[in-house]
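Working notes, beginning with the structure itself.
The values are calculated or read from the model by the stated rules, or taken from the named source; none is laboratory data. Predicted model only: the values in this text are computed from it and were never measured. Reconstructed Cβ throughout: ideal geometry from the backbone, glycine too, with neighbour counts over all protein chains shown. The accessibility values were calculated without ligands, DNA or RNA, using every heavy atom of the protein model including side chains. Shrake-Rupley method; radii C 1.70, N 1.55, O 1.52, S 1.80 Å.
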Amino acid sequence: MFKVGYFQFHPRFGELETNRKTVFKALEPVEADLMVLPELPFTGYTFRDRKELAALAEDPANSESVDLLTSLCRRNRIYVVTGFAERSGTRIFNSSLLIGPRGLLRIYRKIHLFNDEKRYFDPGDLPLEINTIRGVRVGMMICFDWVFPEVVRTLTLQGMELLCHPSNLVLNYCQKSMLTRCLENGVFAVTTNRFGLEKRPHASLKFTGGSQVVGPRGQLLVRAPSQRRQLQIVEIDPKESRNKSLTPRNHLLRDRRPEFYR
Ligand code: ACM
């Protein structure tokens, strides 16, 4: 069995130190295999422009956020997937990091940018790939990537069993839609959303919470309230995702007809 969870909270815009402390305090007592944090949990989301984002983004090779999570992973012997505003030279990506007791294991850079993100982030440029953690094949996508079913399918075709999905959702469609995404691929998914109103002089956004863990037959295993902090851990059997047979004669992957999908 494998213990996965989410930590849903309300990051404070631009307050990296406060947000790091909130995350550390929440995860400090956690006993689990893998915890998933929201998209951009340290910086907040509603940037005025690229300059403001650049001032808050971090290079993962020299990042207090990464160092903090690495020490936490080492201490508690856990893995963490977190959203991350990533500076890489002159480029800035909306990224997700997989971190373990030995440090950073993988970076995923959001390939489908949502709305105003296109004004200040560079679109992701890394392939979708999976990692094996304690025998479980894990993949990552970020928030709005859910609208493009190709993302989960691509990861599933590589053998992914568990999807980690840091999010800052402002619409209400995703939580319901992820049940279908999991069913059609036969995978587990942890969607970690934030909540709260982010009020900036140029714009305000309200995030929808409802973080959740979904099973490979589209079962909702646990879901957070819309506007409250919550840390939840559930025990899953990742092997369940290896059964791709919906009926004795229907296999989710082998029954595909890619020759018709052009
Ligand atoms: C989103 O992709 N943050 C909606």
- Tell me, what is the per residue accessible area of segment 169-247 in Å², probe radius 1.4 Å? 46
- Under Karplus coefficients 6.51, -1.76 and 1.60, residue-wise ³J(HN,Hα) of segment 145-155 in Hz, glycine/proline x: 3, 4, 5, 9, x, 4, 5, 5, 5, 4, 5
- The Kirkwood hydrodynamic radius of segment 38-187, taken as the inverse of the mean 1/r over all distinct Cα pairs, in Å, comes to 15.8
- Item | MRE, 222 nm, helices only [DSSP H, n ≥ 4, -39500 (n - 2.57), over the chain, to nearest 500] | -6500 deg cm²/dmol
- Message: Give me the count of lysine pairs in the chain whose alpha carbons sit under 26 angstrom apart, restricted to pairs 8 or more positions apart or on different chains.
- Response: 26
- Item | Potential lengthening between R102 and M1 on full extension [0.36 nm per residue; Cα-Cα distance subtracted] | 34.1 nm
- Task: At 7 Å along the Cα-to-beta-carbon direction for both D49 and D125, put a label point, then send me their distance in nm to one decimal.
- Result: 2.3
- Quick one: dipole size for the chain, taken about the Cα centre, charges +1 on Lys/Arg Cβ and -1 on Asp/Glu Cβ, in debye to the nearest 20. 460
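Run the numbers on the chain and let me know its relative contact order in percent, using alpha-carbon pairs under 8 Å that are six or more apart.
With pairs under 8 Å counted, the relative contact order is 20 percent.
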- Message: From the P(r) of the chain, could you give the percentage of C-alpha pairs in the tail past 26 Å?
- Response: 36
- Label zone at S71, where the point sits 7 Å out along the Cα-to-Cβ direction: segment 15-43 residues whose backbone N lies under 19 Å: 16-31, 42-43
- Note on the structure: Counting all Cα-Cα pairs in segment 120-164, those more than 18 Å apart amount in percent to 28
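Averaging the inverse of every distinct alpha carbon separation and then flipping it gives the Kirkwood radius. What is it for segment 35-94, in angstrom units?
12.2
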- Euclidean distance between Cα centres, segment 8-51 to segment 201-262, Å: 22
- In nm, what is the difference between 0.36 nm times the number of residues separating V222 and D116 and their Cα-Cα distance? 35.1 nm
- Query: Using 7 Å Cα-to-Cβ label points, what is the E259/R229 separation (nm, one decimal)?
  - Reply: 5.7
- Distance in nm between pseudo-label sites at E64 and F13 (7 Å out along the Cβ direction from Cα): 2.1
- Query: For segment 25-120, what is the accessible area per residue in Å², given a 1.4 Å probe and the full set of protein chains?
  - Reply: 42
- Item | Of all accessible heavy-atom area on the chain, the percent that carbon and sulfur account for (1.4 Å) | 49
- Short version: what are the Cα gyration tensor semi-axes of segment 1-73, square root of 5 times each eigenvalue, largest first, in whole Å? 24, 13, 11
